[in-house]
Amino acid sequence: QMQPVESGGGLTHPGGSLRLSCTITKNIFLFSTMGWFRQAPGKQRELVATVTRDGVKTYVESVKGRFAISRDDAKYTVDLEMNFLKPEDTAVYYCNAKLLMKDYWGQGTQVTVSS
């Protein structure tokens, strides 16, 4: 599977939680920095969180303390646990694998936070 495949997402109320998961073929996953990006209507795609091969994690300021990214090198998966969700987190979330200078993008999964 050369393209990341996402699962999870959906609809929740403010303050709720959702979990996203993504997988890609082993040969890409193990050597890539894995990340999650999002794009809200009318806005540019933005980085949400990344985790390197060595486990170094980065987050956009707006999700620090609420979101957690994790990777499982045995299952070739990267997850994004999202807690205390806000309406402004509503977006299409994309999984990304960055290997050297090449990006692999998933098709995206919708996350909607609404009361």
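Could you pull out the chymotrypsin sites (Phe, Trp or Tyr not before Pro) across the range 45-115 that fall in loop regions by DSSP (anything but H, G, I, E, B) with no more than 15 other Cβ atoms inside 10 Å?
Listed in order of number, the matching sites are Phe84.
Which chymotrypsin sites (Phe, Trp or Tyr not before Pro) in the range 1-50 pass both tests, a DSSP loop state and at most 14 other beta-carbon atoms within 10 Å?
Answer by residue number: Phe31.
Positive end of the charge dipole of the chain (Lys, Arg +1 and Asp, Glu -1 on Cβ, about the Cα centre): tell me which of Leu47, Cys22, Thr33 has its Cα farthest that way.
Thr33
In whole percent, how big is the carbon plus sulfur part of the accessible area of the chain, probe 1.4 Å, protein atoms only? Write out the running numbers ahead of the final one.
Values: 3320 of 6260 Å².
The computed percentage sits at 53.
Give me the distance in nm between label points sitting 7 Å out from Cα along the Cα-to-Cβ direction at Thr58 and Met101, one decimal.
Taking the simple label geometry, Thr58 and Met101 are separated by 1.9 nm.
Taking only C-alpha pairs under 8 Å that are 6+ residues apart, what is the relative contact order of the chain in percent? Write down the numbers at each step before the final one.
On the way: 279 pairs, mean separation 42.1, N = 115.
Rounded, it is 37 percent for the chain.
Write down Rg/Rh for the range 10-115, rounded to two decimals, with Rg from the C-alpha atoms and Rh from the Kirkwood relation over Cα pairs.
0.96
Could you state the accessible area per residue of the chain in Å², with a 1.4 Å probe and every protein chain left in place?
On a per-residue basis, the chain sits at 54 Å².
Of the trypsin sites (Lys or Arg not before Pro) in the range 32-115, which ones lie in a loop per DSSP and count no more than 14 other C-beta atoms within 10 Å?
Lys43, Arg53, Lys64, Lys75
Let me know the charge dipole size of the range 28-111 about its Cα centre in debye, to the nearest 20, where only the beta-carbon of Lys, Arg (+1) and Asp, Glu (-1) is charged.
Here the range 28-111 has a charge dipole of around 120 debye.
Using a Cα-Cα cut-off of under 22 Å, which lysines could be cross-linked to Lys26, ignoring same-chain neighbours fewer than 8 residues away?
Lys57, Lys75, Lys98, Lys102
What does the charge count around Thr23 come to, taking other residues whose C-beta lies under 15 Å from its C-beta (Lys +1, Arg +1, Asp -1, Glu -1)?
Its environment carries a net charge of 0.
Below 18 Å, Cα to Cα, which aspartates and glutamates can Lys64 reach? Residues fewer than 8 away in the same chain don't count.
The reachable aspartates and glutamates, counting only those whose Cα sits under 18 Å from Lys64, are Glu46, Asp79, Glu81, Glu88, Asp89.
The values are calculated or read from the model by the stated rules, or taken from the named source; none is laboratory data. Given the structure is predicted, the values throughout are model-derived calculations rather than measurements. In this analysis, Cβ positions are derived from the backbone assuming ideal geometry, glycine residues included, and neighbour counts consider all displayed protein chains. Just so you know, the surface numbers come from the protein's heavy atoms only, side chains and all, with ligands and any DNA or RNA stripped out. Shrake-Rupley method; radii C 1.70, N 1.55, O 1.52, S 1.80 Å.
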